[in-house]
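The values are calculated or read from the model by the stated rules, or taken from the named source; none is laboratory data. The structure displayed is predicted, hence computed values, not measured ones. Neighbour counts are summed over all protein chains in view; Cβ atoms, including those assigned to glycine, are modelled from backbone coordinates with ideal geometry. Areas reflect the complete protein model, heavy atoms only, side chains present, ligands, DNA and RNA absent. Shrake-Rupley method; radii C 1.70, N 1.55, O 1.52, S 1.80 Å.
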Amino acid sequence: MKYSRLVSTGRALPRQLVTNEELARTHGLDTSDQWIVERTGIRTRYRAAPDENATTLGEQAARQALETGGWAAEDLDLIIMGTTSSELMFPNSAVLLQAKLGIPGVPAFSVEAVCSGFLYALSVADQFIRSGQAARVLVVGAETFSRFVDPRDRSTSILFGDGAGAVLLEAADEPGIMVTRLHADGRYAELLYFPSGPGRNFRSMQNDYLIMQGSRVFKIAVQKLGDVLEETLRAANVTKEQIDWLVPHQANLRIIEALAHRLELPMNRVVVTVDQHANTSSASVPLALDIAIRDGRIQRGDLLMLEAFGGGFTWGAALIRY
Ligand code: COA
């Protein structure tokens, strides 16, 4: 039996850091640092400049993961990218990243599941490794979600930031990734969506912005994520007490706290980066993972629970022995 082992991680953030005060002042928003911190936990976020996008940020994160893992790009036999902000409509950013890494012929594709994109991509990579179709896989979550929000809308513009995270997976005799669980429910599409695309109002796309019913998203996220955490534990035959670290999707500190409570996990066993990065969509989980591995909190042998929730809705979790 083959499993996927997590070899190394990497991350990248745009150059520009924006505080709550700066965001409110620049766009004349009727909000305050206090409101944003109390309701979301967010203090700062990074915003991509015109020359920064999912491909460039993904490349930086990927190169850091390769260097840390001691791999050359030529060692890879598959690239999967979780992104909903591909630099172009096509080719997708995974293919553009493959070209930047200089490895023609290596299969590359992206998985578009909004904020669950990295969890979906990780799960697909795991299936490729388990089936013997790939042995050394780069999985990237990279987004420039700040470009989807109306900078004058206080209810959405404060929430999102840009960034990328990457992991390398390799085939191993022991897990590694123990269990992944994915879900979607398209009946909720109207609670969080972008109102144009190639199939609808394509030409108006540059004037459109993300639409969200925040408080409904909040409640459903807490419920669905709580359920998938328990489902994942059951599938792996693992108890809550055995989890060393929760590495959650970084959308709102209050959602993260509710899930930690459901797992009966103290907050000092939860990786929180939403204060620094805001919601970076599919980059948020690999960014948080990389930070906690590099600062030494997450150690080899630790049991990690990853989870994410996004528009669609899509959601999922992964239990990993690091
Ligand atoms: N500053 C000040 N007031 C704000 C504000 C801001 N940045 N954003 C919204 N408000 C106001 C609203 O206009 C509303 O005012 P009203 O009562 O006069 O209509 C009031 O705050 C309460 O709005 P509500 O949406 O109920 O607040 P909330 O406590 O639910 O917090 C969110 C709003 C968006 C922070 C919260 O719902 C949330 O985080 N939801 C999840 C969003 C998410 O994670 N999306 C991505 C999923 S991947």
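Considering only the range 35-46, I want to know if a residue exists there that is away from the ligand (no atom under 14 Å from the Cβ) and either within 18 Å of the chain's Cα centre (by Cα) or part of a helix (DSSP H, G or I) (or both). Yes.
Contact map, the range 308-322: first residue surrounded by fewer than 24 Cβ atoms within 10 Å (Cβ to Cβ), second residue outside any strand (DSSP E or B) and at pLDDT below 95, Cβ cut-off under 7 Å, separation 6 or more or different chains; pairs are 321/175. Of the residues in the range 218-241, not one is within 22 Å of residue 61 (Cβ to Cβ), hydroxyl-bearing (Ser, Thr, Tyr), at pLDDT 95 or above and touching a Gly at 6+ places or on another chain (Cβ under 9 Å). Can you tell me which residue in the range 262-279 is farthest from residue 295 (Cα to Cα), limited to those that are part of a helix (DSSP H, G or I) and open to solvent by 70 Å² or more (accessible area, probe 1.4 Å)? Of everything passing the filter in the range 262-279, 262 is farthest from residue 295 (Cα to Cα). Of all residues in the range 200-218, those being more than 16 Å from the ligand (Cβ to nearest atom) and either open to solvent by 50 Å² or more (accessible area, probe 1.4 Å) or closer than 30 Å to residue 319 by Cα (or both) number 7.
Counting only strands (runs of 3 or more DSSP E) that fall entirely inside the range 94-199 and contain at least 3 residues that are away from the ligand (no atom under 13 Å from the Cβ) and under 17 Å from residue 81 (Cβ atoms), the qualifying elements are 108-111, 136-144, 162-172.
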